[in-house]
1. Do we have N109 as closer than 23 Å to W265 by Cβ and in contact (Cβ under 8 Å) with a residue 12 or more places away in the chain here?
2. Taking the condition of being open to solvent by less than 10 Å² (accessible area, probe 1.4 Å) and not small (G, A, S), how many residues in the stretch 17-57 meet it?
3. For the condition open to solvent by 20 Å² or more (accessible area, probe 1.4 Å), assigned by TED's automatic domain parsing to the domain that holds F22 and under 19 Å from the mean Cα position of the chain (by Cα), what is the one hit in I142, I86?
4. I'm trying to understand the selection: among the residues of the stretch 112-132, which are basic (K, R) and in contact (Cβ under 8 Å) with a residue 24 or more places away in the chain?
5. How many residues does the stretch 123-166 contain that are acidic (D, E), in a loop (DSSP other than H, G, I, E, B) and within 14 Å of the ligand (Cβ to nearest atom)?
6. Need at least 1 residues that are small (G, A, S) per element, so show me which strands (runs of 3 or more DSSP E) inside the stretch 11-64 make the cut, counting only ones lying wholly within it.
Amino acid sequence: MILGIDIGGTNTRLVLYDCEDFRVLDKILSSQKNIEGLSGRINRIVESYGINAIGIGIAGWVKDGRIIKTPNINGTIKFDLTAPYILENDANCFAYGFYKLLADSKIKNIVCITVGTGIGCGIVIDGKIYRGKGLAGELAHIVIEKGRICSCGGRGHLESYFSGWSLEEQFKKPIKEVMRENIEEFYRLREVDIFIKSIANLILVLDPNAIVFGGGIGMNFDKKVVEEMLRDYILPEFDTEVIILKDEDMVAKGAIFLAKETFYWLI
Ligand SMILES: [Zn+2]
């Protein structure tokens, strides 16, 4: 039995895997109280279900299995767990989960963009997560201009223009509501254009087989509109496929596969 955990800025999801099926055990708010009590909750599940290994995907900077920074998570996170576990950036888990479960066998290079409270970017190259020296894929903090203050403390980063938290700050209501009220107006926002340009630049650098959008906001994108907007910026020779993935559990599933491969002798 493997437990997969997705710790996002808004929600935390716990998914069980018996090497055949996935089952959502729990979805809780990522409140400070829940985050700080997470180890206790996990250890109770380990005990009840006989968990052999745990995979944790977290919205934050993770290097060599250690948390460096979690600007979008409330409270201090510390793991004191009774089963072996791996810790990975949530977008990396999403990308790996997509690669293992859904990618065509010919597809080896994938870029996954999760848009929720923040922006995550997971890159799979030749079937492996690309980490650089550890922190690769921090698309959220690429510099747009010397402008708005970002959640990380930096200035003018992509996430301070386009993300759940920055758009909510600007519109004084959840961005899903803004999208529901007037979707045409949403796609005309300067912030959306900034985001699309950033994605186009990423495609031009990596030329992946597919670019996959997910996350609470990303899964509501319109594939046709995103394709059209990208076409305005990408050279016609690039034919990266655009995929919108409506699977809220993909981070937890990817974390499960990483735990399964790391602790294969325990499963
Ligand atoms: Zn930043």
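1. So N109 fails the test.
2. Pass one, the stretch 17-57, residues open to solvent by less than 10 Å² (accessible area, probe 1.4 Å): 30, 35, 38, 42, 53-57.
Restricting the remaining residues to those that are not small (G, A, S) gives 35, 38, 42, 54, 56.
The qualifying residues number 5.
3. Every option except I86 fails the conditions.
4. Hit for the stretch 112-132 is R131, nothing else.
5. Result for the stretch 123-166: 2.
6. Hits in the stretch 11-64: 53-58.
Listed here are the residues, each with its yes/no results for (1) open to solvent by less than 50 Å² (accessible area, probe 1.4 Å); (2) over 19 Å from L25 (Cβ atoms); (3) not small (G, A, S).
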residue: G75; (1), (2), (3): yes, yes, no
residue: L81; (1), (2), (3): yes, no, yes
residue: Y96; (1), (2), (3): yes, yes, yes
residue: T114; (1), (2), (3): yes, yes, yes
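Let's see how each residue does on (1) assigned to a helix (DSSP H, G or I); (2) within 17 Å of the chain's Cα centre (by Cα); (3) under 24 Å from N89 (Cα atoms); (4) touching a residue at least 60 places away in the same chain (Cβ under 8 Å):
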site: Q170; (1), (2), (3), (4): yes, no, no, no
site: F186; (1), (2), (3), (4): yes, no, no, no
site: L202; (1), (2), (3), (4): yes, yes, yes, yes
site: L230; (1), (2), (3), (4): yes, no, no, no
site: I234; (1), (2), (3), (4): no, no, no, no
site: E237; (1), (2), (3), (4): no, no, no, no
site: A255; (1), (2), (3), (4): yes, yes, yes, yes
site: L258; (1), (2), (3), (4): yes, yes, yes, yes
site: E261; (1), (2), (3), (4): yes, no, yes, no
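The values are calculated or read from the model by the stated rules, or taken from the named source; none is laboratory data. Please read these numbers as outputs of a predicted model, since none were measured by experiment. When we count neighbours, we look across all protein chains shown, and the Cβ atoms used for this are built from the backbone with ideal geometry, even at glycine. Heads up: the accessible areas ignore ligands, DNA and RNA and are worked out on the full protein's heavy atoms, side chains in. Shrake-Rupley method; radii C 1.70, N 1.55, O 1.52, S 1.80 Å.
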